[in-house]
1. Kindly indicate whether Ala173 is farther than 18 Å from Leu191 by Cα, open to solvent by less than 40 Å² (accessible area, probe 1.4 Å) and away from the ligand (no atom under 16 Å from the Cβ).
2. Tally time: how many residues in the stretch 122-132 are open to solvent by less than 30 Å² (accessible area, probe 1.4 Å) and either outside any loop (DSSP other than H, G, I, E, B) or farther than 22 Å from Val107 by Cβ (or both)?
3. Looking only at the stretch 63-89, filter to residues that are in a strand (DSSP E or B) and among the β-branched types (Val, Ile, Thr); which one of those is farthest from the ligand (Cβ to nearest atom)?
4. Among the candidates Leu246, Leu229, Leu240, which residue alone is free of Cβ contacts under 8 Å to residues at least 60 places away in the same chain, crowded, with 19+ Cβ neighbours inside 10 Å, more than 10 Å from the chain's Cα centre (by Cα) and over 21 Å from Ala186 (Cβ atoms)?
5. Of all residues in the stretch 133-170, which are surrounded by fewer than 16 Cβ atoms within 10 Å (Cβ to Cβ) and in contact with a Lys or Arg (Cβ under 6 Å, 6 or more places away or on another chain)?
6. Output the residues belonging to the stretch 177-235 that are closer than 15 Å to Arg141 by Cβ, away from the ligand (no atom under 16 Å from the Cβ) and polar (S, T, N, Q).
7. Return the residues of the stretch 88-117 that are of a type outside the set (Gly, Ala, Ser) and more than 19 Å from Leu8 (Cβ to Cβ); say none if nothing qualifies.
8. So which residues in the stretch 84-98 are touching a residue at least 60 places away in the same chain (Cβ under 8 Å), more than 10 Å from the chain's Cα centre (by Cα) and buried (at least 24 other Cβ atoms within 10 Å of the Cβ), if there are any at all?
Amino acid sequence: MTDALLSLAVDLVRRAGALVVAGRASAGAEVTTKSTPTDVVTEMDRAAERLVVESLRTLRPGDGVLGEETGETWGTTGVRWVLDPIDGTVNYLYDLPAYAVSLAAEVDGIVAVGAVFNPASEELWTAIRGEGAWLGARRLRGSPVTSLDQALVATGFGYGTDRRRAQAVVVAALLPEIRDIRRFGAASLDLCSAAAGRVDAYFERGLKPWDLAAGGLIAVEAGLLVTGLSGAPAGEDLVLAAPPALHAALHGRLVALRADEGP
Ligand code: LIP
């Protein structure tokens, strides 16, 4: 079953990816905003979501769907698809090649398969729970780095000014203690980059289920710990993705900095 779900996810992220790349040049013509004037959504976000949702309704009519732009459609099969049609929409608008179609399938509430496709780089990240994580045909194993002062750490920021102010305090405190920070602007790709060892760890406060679902499974299947803080699961309060050798040290600092609290 999971092989079939992943095959469908890969087909859909590739098709949606082709659509958004084809429409990128004109995407800026119809931009609206959501939570703040910088939290943008384009007609291509909506078009890509329509493509995936309508395909799922045709091919798997009893499944549920949670899409960033259209919300929740309840199903009866125990399978729920979790979709971010363009993760990294600001990058997409600016033609920065770090945006992705992110699609996961949950079975009975547990993410079972995930596919993240960056159509600008044509990189496809996949995972099936219990069967490993892949970038194309390359098996992913995360980073071998074991000390925080050697760690290249990815993070991201919310759109609200109060939250950004609080997140800046956390980053400023960490910066002297680690190799460096990277801020790519798409959570799914941050998680995939951590899975591939392109960064050594990733954390962010404020991720939605569609940001986390597919990339979180890919990171877990690459051998990373993907958690919240102080025993909490990874979620909107905080996501920390790191190899076991790094997780405890970064976790301790994020707890001390109360990175999962505040606006
Ligand atoms: C993005 C996230 C990213 C976050 C950005 C933005 P969007 O999602 O993937 O991690 O730092 O601020 O929220 O809005 O491009 O779908």
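1. yes
2. 5
3. My answer is Val79.
4. One residue alone meets the criteria, Leu229.
5. Correct list: Gln150 only.
6. None - no residue of the stretch 177-235 is closer than 15 Å to Arg141 by Cβ, away from the ligand (no atom under 16 Å from the Cβ) and polar (S, T, N, Q), so the list stays empty.
7. Hits for the stretch 88-117 are Thr89, Val90, Asn91, Tyr92, Leu93, Tyr94, Asp95, Leu96, Pro97, Tyr99.
8. Passing the criteria: Pro85, Ile86, Tyr92.
The values are calculated or read from the model by the stated rules, or taken from the named source; none is laboratory data. Keep in mind that this is a model prediction, so the values were computed, not measured. Heads up, the Cβs are rebuilt from the backbone with ideal geometry, glycines too, and the neighbour counts pull from every protein chain shown. Ligands, DNA and RNA are stripped out before the accessible areas are found, and what is left, the full protein with its side chains, is counted by its heavy atoms. Shrake-Rupley method; radii C 1.70, N 1.55, O 1.52, S 1.80 Å.
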